[in-house]
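In what follows, a single structure is set out as structure tokens and then discussed.
The values are calculated or read from the model by the stated rules, or taken from the named source; none is laboratory data. Just so you know, these numbers come straight off a predicted model, no measurement behind them. Accessible surface areas use protein heavy atoms only, side chains included; no ligands, DNA or RNA. Shrake-Rupley method; radii C 1.70, N 1.55, O 1.52, S 1.80 Å.
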Amino acid sequence: MYPFRDSDCVIRPDDINLLQRVFENELARTKLNIDTPEAEALAKRLIALYQEGIRDPVNLIDMIQIH
């Protein structure tokens, strides 16, 4: 069973690249190391937001900085 809320939610290569860029930028901004629990939580949050339909990088950045 897939954890997607939307059965049409497919993460395509371009979307993965977008999520990766947002993730790496946020790691740099917050000075987090990639191998920390906080970085893992950030990655999970980004994917969850994507699955909820937030696809714009500016909105993703805003949402992860609020959380």
Practice prompt. Please work out which one of (1) open to solvent by less than 70 Å² (accessible area, probe 1.4 Å); (2) over 9 Å from the mean Cα position of the chain (by Cα) is the condition residue 43 fails and give its number.
Written response: (2)
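Can we say residue 35 is acidic (Asp, Glu), open to solvent by 100 Å² or more (accessible area, probe 1.4 Å) and at pLDDT 95 or above? Before you say what the answer is, go through the steps one by one.
Working: acidic (Asp, Glu): yes; open to solvent by 100 Å² or more (accessible area, probe 1.4 Å): yes; at pLDDT 95 or above: yes.
Yes: the conditions hold for residue 35.
Tell me yes or no: at least one residue of segment 47-63 is part of a helix (DSSP H, G or I) and open to solvent by 100 Å² or more (accessible area, probe 1.4 Å). Talk me through it step by step, then tell me what you get.
Residues of segment 47-63 that are part of a helix (DSSP H, G or I), as a first pass: 47-51, 57-63.
Filter once more, keeping what is open to solvent by 100 Å² or more (accessible area, probe 1.4 Å): none.
There is no residue in segment 47-63 that is part of a helix (DSSP H, G or I) and open to solvent by 100 Å² or more (accessible area, probe 1.4 Å).
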